[in-house]
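Contents: one structure, followed by commentary.
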Amino acid sequence: MERARILIYGSAKKNVEDVTKQIISIAKNDKAVVRGPIPLPTKKIRVVVRKNVSGEGNTAWDRWEMRISKRIVDIYRNDKAMRDVMKIQMPDDVHIEIDVSQ
């Protein structure tokens, strides 16, 4: 049985959830077998930079953080559902990887 594993990730959690819901609803409308969404741990990327670049004076730091949310959806054995999934309009901060295997 062919399986398409779809990895959805992005920096805005709401956009990732919306795209995941769109994919699942398209697959269910095409009567495909769907497993998921499987939430993966949120990756936090932190960058701490010193405000005063000269090294003199008080030590003050800027803290920057970016969170990356991930979801996995498995769709089994439906070519039409996969074609429809590839036509979805997505926000710029959401990315998709599709891995097809048997």
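Details
- Hydrodynamic radius (Kirkwood) for the stretch 37-102, which is based on Cα pairs only, to one decimal in Å: 16.1 Å
- The chain: angle of helix 13-29 to the longest principal axis, Cα-based, in degrees nearest 10: 0 degrees
- Neighbour-count ranking [beta-carbon atoms within 10 angstrom, fewest first] of SER54, SER11, SER69: SER54, SER11, SER69
- For the chain, averaging the sequence separation of C-alpha pairs within contact (under 8 Å, six or more residues apart) and dividing by the residue count gives a relative contact order of 50 percent.
- Relative packing of peptides 31-40, 88-97 - highest average C-beta neighbours within 10 Å first: 31-40, 88-97
- Local electrostatic count, ASN15, Cβ distance below 15 Å [Lys/Arg +1, Asp/Glu -1]: +2
- Between ILE45 and ILE88, the simple spin-label model (points 7 angstrom out along Cα→Cβ) gives 2.2 nm.
- Dimensionless Rg/Rh of the stretch 1-76 - Kirkwood Rh, Rg from C-alpha atoms: 1.31
None of the figures in this text is laboratory data; all of them are computed from the coordinates on show. Just so it is clear, the model here is predicted, and its values are computed rather than measured. For neighbour counting, all protein chains shown are included, and Cβ atoms are generated from backbone atoms with ideal geometry for every residue, glycine included.
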